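Report on the structure given below.
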Amino acid sequence: MTYLWATLLVLLNTVWLATVVAGLPGTWLMVVCAALLAWWKWEDPATGQVGMFGIATLVTIVVLAAAGEIAEFFTGVVGAKKAGGSRRGAVGALLGGFVGAIAATFLIPIPILGSLIGACGGACLGAWGFELAGGRKMGESAKSGVGAGVGTLAGRVVKLAVGIAIWLIVAVTAFWP
């Protein structure tokens, strides 16, 4: 029966992993599913039941999920700053990325890809617009916007890599406790 639960967890986590690209909290959904299954199938010495996950595994995936979120959140800001953007451009990148991801989910009806394009484009436009509103020249503002868009894309890639690591840790540990 343990292998059935492990298989279902891996399949569900595969779905959650796909949501990471869209900017949804797929890493946290993987952590929650693993934690719930660990709680339900915790080691019981009285019955001889072996637990599916230990504390070390759960702590590891929580730390990875937190690191992925932090990286994704700040990469657009870092991209804008590295391209010469100001604090105003960084704020524009954050707001634009958030609004763009939501808007493009509905405006670009390509699953997952629409949200990704919207987040990157929104961060770019947000940084560019806020820089222009702050009195910077068009070229400087555009450079900051491109940096924010590229940074946002890099953040999604990093978070996806973290999600893959979480998926692998949970899959391996679920089948070989």
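Looking at this structure, is Val62 at pLDDT 90 or above and β-branched (Val, Ile, Thr)? It is true that Val62 is at pLDDT 90 or above and β-branched (Val, Ile, Thr).
Name the residues in segment 68-98 that are aromatic (Phe, Trp, Tyr) and modelled with pLDDT under 85, would you?
Passing the criteria: Phe73, Phe74.
Of the residues examined, Ala101 is one that is in a helix (DSSP H, G or I) and either in contact with a Gly (Cβ under 8 Å, 6 or more places away or on another chain) or at pLDDT below 85 (or both).
Please verify whether Gly145 is under 23 Å from Phe73 (Cα atoms), in a helix (DSSP H, G or I) and either of a type outside the set (Phe, Trp, Tyr) or free of Cβ contacts under 8 Å to residues at least 60 places away in the same chain (or both), treating the condition exactly as stated. When the stated conditions are applied, Gly145 passes them. Checked against (1) β-branched (Val, Ile, Thr); (2) over 27 Å from Lys81 (Cβ atoms); (3) surrounded by fewer than 17 Cβ atoms within 10 Å (Cβ to Cβ), Ile166 meets all criteria but (3).
Do we have Trp128 as among the aromatic types (Phe, Trp, Tyr), modelled with pLDDT of 90 or more and within 20 Å of Thr14 (Cβ to Cβ) here?
The answer is no for Trp128.
Of all residue pairs spaced 6 or more apart or on separate chains, those with beta-carbon atoms under 6 Å, a first member in segment 22-41 that is of a type in the set (Val, Ile, Thr) and a second member that is surrounded by fewer than 19 Cβ atoms within 10 Å (Cβ to Cβ) and assigned to a helix (DSSP H, G or I) are Val31/Val62. Output the number of residues of segment 49-81 satisfying the condition of being surrounded by fewer than 23 Cβ atoms within 10 Å (Cβ to Cβ), in a helix (DSSP H, G or I), of a type outside the set (A, V, I, L, M, F, W, C) and over 13 Å from the mean Cα position of the chain (by Cα). Of the residues in that region, 3 qualify. Assess whether Gly139 counts as being over 17 Å from Val20 (Cα atoms), part of a helix (DSSP H, G or I) and free of Cβ contacts under 8 Å to residues at least 12 places away in the same chain. In short, yes. With respect to the conditions (1) touching a residue at least 60 places away in the same chain (Cβ under 8 Å); (2) surrounded by fewer than 16 Cβ atoms within 10 Å (Cβ to Cβ); (3) of a type outside the set (Phe, Trp, Tyr); (4) closer than 30 Å to Met52 by Cβ, Gly84 lacks only one, and its number is (4). What do you reckon, is Ala174 part of a helix (DSSP H, G or I), over 25 Å from Gly23 (Cα atoms), in contact with a Leu (Cβ under 7 Å, 6 or more places away or on another chain) and of a type in the set (Gly, Ala, Ser)? Judged against the criteria, Ala174 is a match. Would you be able to say whether some residue in segment 106-113 is part of a helix (DSSP H, G or I) and either touching a His at 6+ places or on another chain (Cβ under 9 Å) or under 22 Å from Val146 (Cα atoms) (or both)? Checked against the condition, which is being part of a helix (DSSP H, G or I) and either touching a His at 6+ places or on another chain (Cβ under 9 Å) or under 22 Å from Val146 (Cα atoms) (or both), segment 106-113 yields at least one hit. Can we say Leu168 is free of Cβ contacts under 8 Å to residues at least 24 places away in the same chain and of a type in the set (A, V, I, L, M, F, W, C)? Considered against the rule, which asks whether it is free of Cβ contacts under 8 Å to residues at least 24 places away in the same chain and of a type in the set (A, V, I, L, M, F, W, C), Leu168 comes out as yes.
The values are calculated or read from the model by the stated rules, or taken from the named source; none is laboratory data. Model, not experiment: these values are computed from the prediction. Ideal geometry is used to build each Cβ from the backbone, glycine not excepted, and the neighbour counts take in all protein chains shown.
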